[in-house]
Structures are given as structure tokens and as C-alpha cells.
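Comments concern the structure below.
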Amino acid sequence: MAMSSIKKISVFSLAMISVGAVLSVRNFPSMAVYGWSSIGWYILGALLFLIPLTLASAELATGWSKGGGVYQWVKEAFGEKSGFIAIFCEWSNNIVWFPTVLSFIAGTFAYVLNPDLANNGFYMFSVMMIAFWGSTLVAWMGPKVTARFNNTGVLLGSILPSILLIVFGVVYLAQGQPLQIPAFTLPQIVPDVNLSTLPFVATIILLFAGMEMAGFHALSVKDPSRDFPRAMLIAAVLIVAASVLGTLALSWVIPVGELNLAAGIMQAFDAFLRAFGLSSLVPLVAFLVSLGGLALLINWLVGPALGLGVTSADGLMPPATRKLNKEGIPTGMLILQGILATGVSLLYVFSPSVNQAYWVLSALTVMLLCIVYMFIFAALIKLRISQPNTPRAFKVPGGLLGVWIVGGVGFFSSVFTFVIGCLPTTATEIPLLGYVSIMLIGTALLALPPLVFMKFRKSSWVASREEQKALGVES
């Protein structure tokens, strides 16, 4: 089905796609342990990563708005092999990331029924699979249904809980309730960067990962050159504001020593609602937060799968992987990633050491995303030099110097994060050499299959003109 026949989405919906892909209250507990200095960490992450990625994505998406997102950008700059590796990493990181966000959804939803269920492996796996395959079904229905669900999920499950945390925090302060962190002083905002916090620096930089998700939907808006930059500005402001204020509110009510990184968000809501005599609302809030997790999941289900569908049109993958339904969704890729994610989730839930499995999977996710972002920032610089006359409705300010600054900061932040990601945290309890080996081998296995596909590619894999038109990449 031709992309032109698919209904367009609004600037607001495009902004919500980015907010849904990036903003998650599940990140607040890991930030709240740093109290007032979390403000500085967020600022650092925004300067080193969010702003550069937003600017780079805006220029690339409005200059090369054909379907495929990251694949098309990197392909234009460095060729199809690099583009294939970049989009494959963005897709394969989902396979190891899905279990962590699914466990958050299932653990949070346990508060709707019985919090003790979060310790039940059968319950966790069952709800994780219902959430995953239910989200896949929503994605299957096309961009219009996905955008509607995403808008609802982001508003009710990410933005509303963030606002509630902020409002509860303000009321908590107004009532003169004691804060669980020291009194505010300006120096406390400054992050303490040292050897022990370096792994955390890597996490901070990638807290804002996902801003490029909207690039996969550049063809789904009426005017990509006008609507994309507007949507990115709206999304960036909402993400930073909600993250900072929501994290602070959480840190005010839960002592650092009692903060549970997995269930911290519901700990905070439970504490606030009990303080206000509204404990009966805990299940409702848990349901909303779970809904926000689903919105986050759906964005990462669809975007990279769309990108890989475009690589298949170029003959880089077997034809079955680009099979589209009438809504223009690559159903073959959705089914494949569903099967793989189900297998990883099964291993994750019933692993003897879930905490170690969580950190290993999270680290692999970071490593793969770093590869993607290195390519994006390098492509920004290369294309400004090699194709300076290609029309771009949005350009990174400051001319070529501005591009070097934005692209350079983002690129070296990604390289630094990749290197730091190889180092174990105290939570893993895995020896240094063993951990580094797991990271490097795991990353290679998940990043390099494109080289195998390209070695055995066949001329019959190239899509017909009609298929290319349906995928929005007709030459």
C-alpha cells in the first residue's frame, strides 16, 4: 500500500511519539538517589546528548525524509553497509531491552492487584507477554491507531504521573512535611563526577535516547520540513521539565536508603497518597504508570521495524522481512522480534540472578544504541560537507562550525558512553574480564548480522518498484 494513502499525523502526535519514546517515570528512581544534584545530571545529559541529538535528527529528517529514518541518513553519508548496521543495532537493542521495560510494566501493574505478585515469576512472565503481544497488535493496526494509543498512553501514563508527582511534591512542601534530602543549596546542583560515578555518567547521557524515533515517521506528517522541528522543540521542553521536576518530587518523599530502583516510582506515589489519606487511589495510579510503559514500548516496537523494512527493499534482507499489511506496517519484522523478545524475556524472568540479568541487558542496550548515535552524529557532519546544497528546512545553527560542535559533542559523548558501558557496576558482581568479554561478544553478535546478510544477499531480494513505492523509498 502506498505511503501517500496512509493518513497523516499531527505535529502534536509527532511530538508525543518522541515524548513516549524518551520520557519514562521508570527512570526517575535511578536519578532520585542523587537528590538535588540530579538537576545537574539532567542538565549535563541535555547538553551532551539530548540537544545535540534533537538538532541532528531535525536536520537529517528534514533533509532526507524518505522512509527508513536512521538507515536513510547513514546510508546517504557512508553507504548502505553502514546504514544497515546502524538500523540493525537500533532494532536488535530492542530484543535485549524489551524484557527490562516489560518487567517494569508487570511490576507496576502488580500494584493494581497485589504488590506481592511482583515476586511471582509466573505472574511476571504472563503479564509481560500480554503487554508485549498486545502492544504488537496495536502496532499492527497502523500509524493512525498507534498514534491514538500513544497519545493517550503518553498523556495519561507519562505526562500525567509526572504532573501528579510534581503537584504532590508541592503540596507535600506546603504542608511542611519533612524532606528526605538535605535542605537546598546552590552547590548541591553540581554533579560529583569521579571514578565511582563514571558508569552513572554513561546512563545519564542515554536517559534521553529515543529522540530520533520521530525520524521514522517523517513521511506520516503533512509537511516534514515544517512539522518535524516544531514537534522536536515541543518534545524536548516537555521531556526535560517533566524529568527534573518529577525526579525531585520523588527524592523529597523517599529516603535514598529505602529507594527501590525497580519499584521506586510506586513507592513515591504510595507514600504521597498515604500522607494525603488517598491510599485507595494507588491501584489507579499504578494502572496509569503501566499505560505509560506501554506507550514507551510501542514506540520502540514500530520505529526500528519500519527502518529494517526499508533495508529489505534495497535487497539487504530476504523479502519476507519487508512484508507489509494494508496499513504499511512490516508485519514480518514485528513477528520476528516478538519471537526473539519472548525467548529473552523467558530467560530473564526465570534467571537465578534477575538483578545481574537486568544490568547486563541494560548495558548491552546502551552499547548498541551508542553505535547508532555515533553513526547519526557522524552522518550529520559528513552530509553537511558532502551535500551542502541538499534542501533542509531545518539546519543546525552556526553553519559548518555549529555542525562540528553539535556533531562532535554528540559523537564523543556516544564514544565515551560506549567505553564506559564495558565496565561492570557494583550491582553485577561479575569479574572485570568476564564482564568486558560479555559486553563485547554480546554487542558483536547483535550488531554484525548485517555483514552476514550482505555476504549471502541475492539479486532476487531487491524489492519491485511497487514494493519500493509502498515502503516510501521509490527512487
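Taking every lysine pair in the chain that is 8 or more places apart or spans two chains, those with Cα atoms closer than 14 Å amount to 15. Under the simplified labelling scheme, the I339-I163 pair shows an inter-label distance of 4.3 nm, with each label point 7 Å from Cα along Cα→Cβ. Couplings 3J(HN,Hα) for region 32-37, derived from phi with the Karplus relation 6.51 cos²θ - 1.76 cosθ + 1.60 (θ = phi - 60°), are 5, 5, 9, x, 4, 6 Hz, where x marks Gly and Pro. On full extension, the segment bounded by F412 and L448 gains 10.8 nm, given 0.36 nm per residue less the C-alpha separation. Compute the relative contact order of the chain as a whole-number percentage, counting only Cα pairs closer than 8 Å that sit 6 or more residues apart in sequence. Relative contact order of the chain: 34 percent.
Pop the C-beta distance of S437 and F350 into the FRET formula with R0 = 25 Å and round what comes out to the nearest 0.05. Show your work: numbers first, answer last.
Details: r = 24 Å, r/R0 = 0.95.
Once the sixth-power term is evaluated, E becomes 0.55.
With Cα extents along the principal axes in Å as the read-out, I listed [x] 103, 55, 45; [y] 67, 50, 48; [z] 69, 49, 41; which label goes with the value calculated from this structure? Comparing each candidate, only [y] matches the computed number.
Rounded to the nearest 500 deg cm²/dmol, what is the calculated helix-only ellipticity per residue at 222 nm for the chain, with -39500 (n - 2.57) per DSSP H run of length n ≥ 4?
Values: 19 runs with 316 residues, N = 475.
So the calculated ellipticity at 222 nm is -22000 deg cm²/dmol.
Maximal additional length on extending the K458-R226 stretch stands at 79.6 nm, based on 0.36 nm per residue less the C-alpha distance.
Going 7 Å from the Cα of S10 along its beta-carbon direction, which residues of region 138-167 have the amide nitrogen within less than 16 Å of the resulting point? Those under the cut-off are 144-156. Near V221, the amide H atoms lying under 5 Å from its own belong to I9; only residues 5 or more places off or on other chains count, and H is placed 1.01 Å from N.
A short reminder: the numbers here are calculations on the coordinates, not readings from a lab. Remember, predicted model here, so these are calculated numbers, not experimental data. Neighbour counts run over all protein chains shown; Cβ positions are idealised from the backbone, glycine included.
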